[in-house]
Amino acid sequence: MRQRLTWVVFLSAVIVVTALYYAGSVRATAANGFKATTLAQGTFSEFHAFNHSVLPNSTGTDNDENEWLSLQKTEGPSDLYVQSNVWAPVNPTTGVAASTGWHMHPGHSLIIVTSGTLTEYTADCTPHVYTFVPGQPAPTLVDPGHGHVHIIRNEGSVPASDIAVQLVPFDPTKSNRRIDAPAPAGCPNIL
């Protein structure tokens with residue numbers, strides 16, 4: 001009996017030490033050269049908004065080509081944020097790119113690039129490049145949220161910026177808008 005108890009204690013200690021080791025090595029990546037400013041924040045009760053429109057001067061024969069649909073439905077209260085995000089240019093001395101650090105959001109974000117070039121990397125390490133060109137429609141992206149781990153970097157020589165509108169679950173502490181995450185295993189050099 002005593003030998004069995006010794007093994008249980010020993011195996012429990014091994015499990016705890018292993019868990020602490022892996023927990024210590026799974027660390028969030030820090031933002032660098034990036035500044036996020038909340039321009040506005042509000043809380044909504046749950047809502048359901050549906051919009052449908054037939055596009056003017058439609059020439060398509062398929063309803064998918066002639067219609068526009070929008071659906072937004074929440075259950076429970078939600079926080080809405082309007083964020084102004086700014087990235088410094090690549091540091092000319094060190095070559096380090098400004099970045100948000102790896103993170104995710106519990107809800108989705110609609111993003112408009114307002115200056116410079118931003119590169120978003122997702123968990124598969126694929127770069128998605130968005131360049132603002134004056135006089136042309138601004139590039140946009142949608143962050144679907146809910147586990148979509150990503151990092152946004154300015155890999156250029158001029159500052160870059162965007163405006164993001166984020167809808168997330170209500171949090172009385174207002175601390176859940178951004179959830180830091182470790183770099184995906186396949187992307188250890190993208191920080």
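The values are calculated or read from the model by the stated rules, or taken from the named source; none is laboratory data. All values derive from a computational prediction rather than experimental measurement. Virtual Cβ from ideal backbone geometry, glycine too; neighbours counted across all protein chains shown. In case anyone asks, the SASA skips ligands and DNA or RNA and just uses the protein heavy atoms, side chains included. Shrake-Rupley method; radii C 1.70, N 1.55, O 1.52, S 1.80 Å.
Observations, loosely collected:
- All distinct Cα pairs of region 150-191 go into the 1/r average, and the inverse of that average, the Kirkwood radius, is 13.5 Å.
- For region 53-191, the gyration tensor built on C-alpha atoms gives an oblate shape. Its axis ratio a/c (a ≥ b ≥ c) is at least 1.5, and a/b is not larger than b/c.
- Net charge contributed by nearby residues that have their C-beta within less than 14 Å of Gly76 (K/R +1, D/E -1): -3
- Where region 146-188 is the region considered: accessible area per residue in Å², 1.4 Å probe: 48
- Percent accessible area from carbon and sulfur atoms, region 40-191, protein chains only, probe 1.4 Å: 58
- Taking Lys and Arg as +1 and Asp and Glu as -1, the other residues whose beta-carbon sits under 13 Å from that of Leu110 total -2.
- Residue-by-residue Karplus 3J(HN,Hα) for region 101-118, coefficients 6.51, -1.76, 1.60, Hz, glycine and proline x: x, 5, 6, 8, 10, x, x, 8, 10, 10, 10, 10, 6, 10, 6, x, 10, 10
- Peptide packing for 126-133, 148-155 was compared via the average number of neighbouring C-beta atoms within 10 Å per residue; ordered from the highest value, the list is 148-155, 126-133.
- Within region 100-175, the percentage of alpha carbon pairs spaced more than 18 angstrom apart rounds to 42%.
- Cα gyration tensor category, rounded, prolate or oblate, for region 83-136 with a/c compared to 1.5: oblate
- Accessible area expressed per residue, region 58-134, with surrounding protein chains retained (probe 1.4 Å, Å²): 52
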